[in-house]
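Remarks on the structure that follows.
The values are calculated or read from the model by the stated rules, or taken from the named source; none is laboratory data. The shown structure was predicted, so the numbers you read here are calculated from the model rather than taken from an experiment. Using ideal geometry, Cβ is built from the backbone for each residue, glycine included, and neighbour counts are taken over all protein chains shown.
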Amino acid sequence: MKLRTYRKNEDFPLVSSWLGEERTHALWCAGLFPYPLAKADFERYFEEREGDARYVLTEEDGRPVGFCAYSVNEKDNSGFVKLIVVDTAARGRGYGVTMLELLLKHAFEISRVDSVSLNVFAGNTAARNCYHKAGFTETRSIPGALEFHGEIWDKFTMTAERKQA
């Protein structure tokens with residue numbers, strides 16, 4: 001498995017199809033994008049955020065099975081993972097953990113950041129378990145971070161630290 005750079009014309013249809021219904025979409029983007037996800041909104045978001053890198057996790061045969069975006073904050077030498085999703089048909093098989101492990105390797109060895117964080121909603125148990133398996137721990141809780149159709153969702157920030165040699 002490997003991470004490769006996102007190719008908007010080729011990859012967007014796949015990534016958007018992995019989001020499924022509105023609740024999954026909301027868990028994924030925390031209200032950043034209207035539902036359903038439109039390519040113009042998605043591309044505009046990244047055009048406005050210089051420095052965000054998008055990656056696709058592929059099988060050995062090149063078939064995409066996951067997507068994530070990553071950015072570096074040079075002021076505090078940290079990385080941030082956002083908008084991570086795995087192909088619906090491939091969930092539960094360790095692809096998310098593999099994608100995050102590869103991204104952390106890149107972050108710590110290439111970007112040379114000290115830590116990498118991400119956010120996840122408390123009710124997204126599968127994602128939280130995946131992030132724990134990849135080496136992230138909960139470092140902050142944000143009660144009432146998002147309202148979705150009358151539900152109030154708490155959010156956690158999870159962080160992985162570079163291991164000191």
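If residue 33 satisfies all but one of (1) touching a Pro at 6+ places or on another chain (Cβ under 8 Å); (2) farther than 23 Å from residue 160 by Cα; (3) crowded, with 18+ Cβ neighbours inside 10 Å; (4) without any contact (Cβ under 8 Å) to a residue 60 or more places away in the chain, what's the number of the condition it fails? Against the list (1) touching a Pro at 6+ places or on another chain (Cβ under 8 Å); (2) farther than 23 Å from residue 160 by Cα; (3) crowded, with 18+ Cβ neighbours inside 10 Å; (4) without any contact (Cβ under 8 Å) to a residue 60 or more places away in the chain, residue 33 comes up short only on (1).
Among the listed residues 122, 126, 145, 134, identify the single one that is over 10 Å from residue 79 (Cα atoms), surrounded by 15 or more Cβ atoms within 10 Å (Cβ to Cβ) and either modelled with pLDDT under 95 or within 14 Å of the chain's Cα centre (by Cα) (or both).
Numbers: 122 fails: either modelled with pLDDT under 95 or within 14 Å of the chain's Cα centre (by Cα) (or both); 126 fails: surrounded by 15 or more Cβ atoms within 10 Å (Cβ to Cβ); 145 fails: either modelled with pLDDT under 95 or within 14 Å of the chain's Cα centre (by Cα) (or both).
Exactly one of 122, 126, 145, 134 is over 10 Å from residue 79 (Cα atoms), surrounded by 15 or more Cβ atoms within 10 Å (Cβ to Cβ) and either modelled with pLDDT under 95 or within 14 Å of the chain's Cα centre (by Cα) (or both), namely 134.
Mind listing whichever residues of the stretch 1-30 are surrounded by 12 or more Cβ atoms within 10 Å (Cβ to Cβ), more than 30 Å from residue 151 (Cα to Cα) and without any contact (Cβ under 8 Å) to a residue 40 or more places away in the chain? Residue satisfying the conditions is 8 alone.
So how many residues does the stretch 120-143 have that are among the aliphatic types (A, V, I, L, M), assigned to a loop (DSSP other than H, G, I, E, B) and under 20 Å from residue 154 (Cα atoms)? Can you show your working first?
Let us first name the residues in the stretch 120-143 that are among the aliphatic types (A, V, I, L, M), namely 120, 122, 126-127, 134, 142.
Remaining after also requiring assigned to a loop (DSSP other than H, G, I, E, B): 122, 134.
Keeping just the survivors that are under 20 Å from residue 154 (Cα atoms) gives 122.
Count: 1.
Meeting the requirement of 2 or more residues that are at pLDDT below 95 and not small (Gly, Ala, Ser), no strands (runs of 3 or more DSSP E) wholly within the stretch 52-119 can be named.
Filtering 44, 49 for residues that are among the charged types (D, E, K, R) and outside any helix (DSSP H, G or I) leaves a single hit, 49.
Every residue, every condition in (1) closer than 21 Å to residue 32 by Cα; (2) touching a residue at least 12 places away in the same chain (Cβ under 8 Å); (3) among the aromatic types (Phe, Trp, Tyr), yes or no:
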site	(1), (2), (3)
57	no, yes, no
74	no, no, no
89	no, no, no
113	no, yes, no
123	yes, yes, no
127	yes, yes, no
135	no, yes, no
139	no, yes, no
157	yes, yes, no
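Yes or no: residue 88 surrounded by fewer than 18 Cβ atoms within 10 Å (Cβ to Cβ) and closer than 24 Å to residue 14 by Cα? Please lay out each step first, then the result.
Numbers: surrounded by fewer than 18 Cβ atoms within 10 Å (Cβ to Cβ): yes; closer than 24 Å to residue 14 by Cα: yes.
Here the answer is yes, as residue 88 does meet what is asked.
Is it the case that the stretch 20-41 has a residue that's under 15 Å from residue 103 (Cα atoms) and of a type outside the set (A, V, I, L, M)? No: the stretch 20-41 contains no residue that is under 15 Å from residue 103 (Cα atoms) and of a type outside the set (A, V, I, L, M).
Scanning the stretch 144-165 for residues that are over 30 Å from residue 106 (Cβ atoms) and either part of a strand (DSSP E or B) or of a type in the set (Lys, Arg) (or both) turns up 144, 147, 148, 151, 152.
Across the stretch 1-36, the qualifying residues are those that are closer than 19 Å to residue 118 by Cβ and part of a loop (DSSP other than H, G, I, E, B), and the one among them that is modelled with the lowest pLDDT is 31.
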